[in-house]
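Presented below is the structure to which this report refers.
What follows is calculated from the coordinates using simple rules that are stated; it is not laboratory data. As the structure is a computational prediction, the values presented were derived from the model and not from experiment. Note that each Cβ is placed from the backbone with ideal geometry, even for glycine, and that neighbours are counted across all protein chains shown.
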Amino acid sequence: MSELKVKCPTCQTQVSWGPQSPFRPFCSERCRLSDLGEWASESRRIADKQPIEAGIGDADLMALEDELMQQDNKFFQ
């Protein structure tokens, strides 16, 4: 079986996939740290398909209040 080769995500150099390449899939520690820095600075990120909700909606809040009112708890009555 032939040796698997992959491209370094940072510089596109061919890298052997095996124990002889300790930074795989990167070709070097420099490329690995460069990639990490891009993720840390958020210049490289996976886009979220759904925006983060700002908070609970009015309909949800009303449903929650109704549910709490139906509980057998004198505090909410």
query = If you work out Rg and Dmax of the Cα atoms in Å from the coordinates, which of (i) 10.9, 30; (ii) 13.4, 43; (iii) 25.8, 74 do you get?
reply = (iii)
query = Where the Cα atoms of region 3-46 are projected onto their three principal axes, how long is each span, largest first, in whole Å?
reply = 34, 16, 15
note = Farthest towards the positive end of the dipole of the chain, among Ala59, Pro22, Gln70 and with Cβ unit charges of +1 on Lys and Arg and -1 on Asp and Glu, lies the Cα of Pro22
note = For Ala59, the net charge from surrounding residues (Cβ-Cβ under 12 Å; K, R +1; D, E -1) works out to -4
ask   = Which net charge results for the neighbourhood of Pro25, defined as the other residues with beta-carbon distances under 10 angstrom from its beta-carbon, given Lys and Arg at +1 and Asp and Glu at -1?
value = +2
task = Would you mind ranking Lys7, Lys49 by Cβ crowding within 10 Å, fewest neighbours first?
result = Lys49, Lys7
